[in-house]
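Below: the structure, in structure tokens.
Taken together, the values in this text are just the output of simple stated rules run on the coordinates, not laboratory data. Bear in mind that the values here come from a model prediction, so they are computed numbers and not experimental data. Positions of Cβ are generated from backbone atoms using ideal geometry, with glycine treated the same way; all protein chains shown enter the neighbour counts.
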Amino acid sequence: MTRFTSILVANRGEIACRVLRTARAQGYRTVAVYSDADAKAPHVLMADEAVHIGPGPVNESYLVAANILAAARSSGAEAIHPGYGFLSENPAFAQACEDAGLVFIGPRPDAIQLMGNKAEAKRRMIAAGVPCVPGYEGEDQDDATLLNEGKKIELPLMVKAAAGGGGRGMRLVHKPDELANAIKLARAEATSAFGNGDLILEKAIIRPRHVEVQVFGDSHGNIVHLGERDCSVQRRHQKVVEEAPCPVMTEALRDEMGAAAVAAAQSINYRGAGTVEFLLDEQGAFYFLEMNTRLQVEHPVTELITGLDLVALQLQVAQGEPLGFTQDEVTLSGHAIEVRLYTEDPSQDFLPTSGPVDLWSPPGGTGIRVDSGITSGQDISPFYDPMVAKIIASGPTREIARLRLIEALKETVLFGTRHNRDFLVACLEKECFAAGKATTAFIAEEFAEGEIADVQPTFADSAVAAVLEMALQHRELYDSSVLVAPELRGWANASPLVSRKQYHHGEQVHDLAITPLPSARYQVSDTANTTVIELVSLADGTAHVGIDEAQHIARYHLPETGRLYVSIDGRAAQYRDMIRLDGVQDDAQGSGRIVAPMHGLLLEVRVAAGHTVEAGQTLAILEAMKMHYEIVADAAGEVADVMAVAGAQVAADDLLITINIAE
């Protein structure tokens, strides 16, 4: 057996914290690694020791194997846990760990190599008798060959990076004339993300469920499956909601899919945690999609219904010990649902966002688990994946788990950076999801154009914000005053003082008049509405407020920037008093001013001054958070100026191109 007592976690964020938590609980000495951008991140503070590995960009830090191995040597770590992403499915890194005398907590390098290439993996699965999707997985990667092979596949078809995953390097093709551009974009994205531009083509299975089976193997030849997870709710092939078990699973189908997954793992003599992913069509047929040779993001839902700690099992197997249980001893109990909290803007086509974490307050309660990697006061970096936390709920039934998760999300507070919490609630509340009928087409079918938009604060929300802001201002003034009795707060010897606050949210304006009433009550009015807000209690970060006699809990945060964040009944917004700002308002972005939607690297600029462009025409390609984004013209006209330079890093809202709009 291979024994070790110290573990270096070659990752960051929530997965690093997750692995560290189990490793520390089991008595291992732990080592974290960090880039410049993560110097004060939670995973750094959680470990026994932390080693700096380079600048913020991943290709200068977390993806540099030599830096990780050097950190292991300097810290005396005996084993490396790769987490997921980064180097977790890099066979050369796994081999380098073994060559350096370190235990790689994961599969053998040859298994990673084989299953990491979708084309080779598919060929192996066909040989093993595992059902696969019809398509082309050949070694000839010439564009002409791919175009010719694509003509043989019934449309729609999917272009996929052979060496990657996570939705990168994937394009769905509906029409023959779309294939050439899809191959070009997928190859470029695959090369950038994985260093390998090889592609495969597959018939697209329309409206399938994405069902994956968790497998586990040890070095003694034992391989079992731990049930399935349904990961059908996705956008851009990135999972958003995951649950276990699958809502439409039967015992017979579970046995069949489980046997196929075990056969896939046995065919490559698999060791450690792995996931065999399938597409399940509406007729109950399933097809091999890929195998992930690592721990999955969504592993908590399996843990909650099996009672197993999958990280602990990884450490056990890596020590050379047997699993210690058989397939017959695996039992599934209850239901668990997980959502991924991303810092992204759903109203802007889910563009990733970066910025400060002014306040992070995760939920609690019965059946709630939170795996996160952020803390109040840090910044969300543009260098990394935008997933910052996972909120998981479990219960004896699916409906109880769903309802618990909705309430937990409404209690979740992340102030400072745009995120997808409200969108997650909307997903869980859809009748289609509640009925267990969601497929991979769920988001496209259930959310109409314009429905995924910012939820504007109601008049009552703004009234609460106005009262809180005024109360906090008064408390600050009172605390700095001398010999003023508490009962004199807000007192005047004439008629009651009326304050005014004006909040802008897009085109919506709430111009409010606030009049103090007895007993900590305030009348708030605008030209069309009037309500009475009672400030029942005001503590740091939390207030109990009455709105027309009904009490609510409001979470708030007032940073030193003139902004007030308020979350009430799950509705969160940022408030800036435009009156207090002397009438200065943010200018709306003028039409024809093309700005960077986020921090990133400009890969390509396709226009120059004097070019004529049409609305929707691609002007530039931006790489950010591992994805490629097309920056398009917002109107037809002539390009007036181009500030964008290919190869340059740009920040969110940097002006890239100006267009003289055609009349």
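Sorting 127-138, 593-604 by their mean Cβ neighbour count within 10 Å, with the most densely packed peptide first, gives 593-604, 127-138.
Just check the chain against the gyration tensor rule for me: Cα atoms, a ≥ b ≥ c as the square roots of the eigenvalues, rounded for a/c under 1.5, and otherwise prolate or oblate depending on whether a/b exceeds b/c. It comes out prolate by the Cα gyration axes. For ALA648, neighbours were defined as the other residues whose beta-carbon sits under 14 Å from its Cβ, and their charges (Lys and Arg +1, Asp and Glu -1) total -3.
Modelled this way, with points 7 Å down the Cα-to-C-beta line, the labels at GLU614 and ARG73 are 5.8 nm from one another.
Our summary gives the chain a relative contact order of 9 percent, counting only alpha carbon pairs under 8 angstrom and 6 or more residues apart. Each helix, a run of at least 4 DSSP H residues, gives -39500 (n - 2.57); summed and divided by the residues of the chain, these come to -7500 deg cm²/dmol at 222 nm. Assuming 1.306 mPa s and 10 °C, estimate D for region 175-264 with Stokes-Einstein, Rh taken as the Kirkwood radius over Cα pairs, in µm²/s. Answer from the Stokes-Einstein relation: 99 µm²/s. Under 12 Å of direct C-alpha separation, and excluding same-chain neighbours fewer than eight residues apart, LYS40 reaches these aspartates and glutamates: ASP379. Taking one equal scatterer on every alpha-carbon of region 3-57, how large is log10 of I(q)/I(0) by Debye at q = 0.31 1/Å? Here log10 of I(q) over I(0) equals -1.28. When both bridge partners sit in the chain, DSSP labels roughly 90% of those beta bridges antiparallel. Within the shell defined by Cβ-Cβ distances under 15 Å, the residues around ASP143 carry a net charge of -3, with Lys and Arg each +1 and Asp and Glu each -1. For LYS203, the lysines whose Cα comes closer than 18 Å to its Cα, not counting residues fewer than 8 places off in the same chain, are LYS118, LYS122, LYS151, LYS152, LYS160, LYS175. Its Cα centre serving as origin, region 221-280 has a Cβ charge dipole (Lys and Arg +1, Asp and Glu -1) of approximately 320 debye. Candidate cross-link partners of LYS430 among the lysines, defined by an alpha-carbon separation under 22 Å and a same-chain spacing of 8 or more, comprise LYS239, LYS390, LYS410. Based on Cα contacts under 8 Å between residues 6+ apart, region 209-446 shows a relative contact order of 21 percent.
Given Cβ point charges of +1 (Lys, Arg) and -1 (Asp, Glu) and nothing else, what value in debye, to the nearest 20, does the dipole of the chain about its Cα centre take?
Dipole about the Cα centre, nearest 20: 1140 debye.
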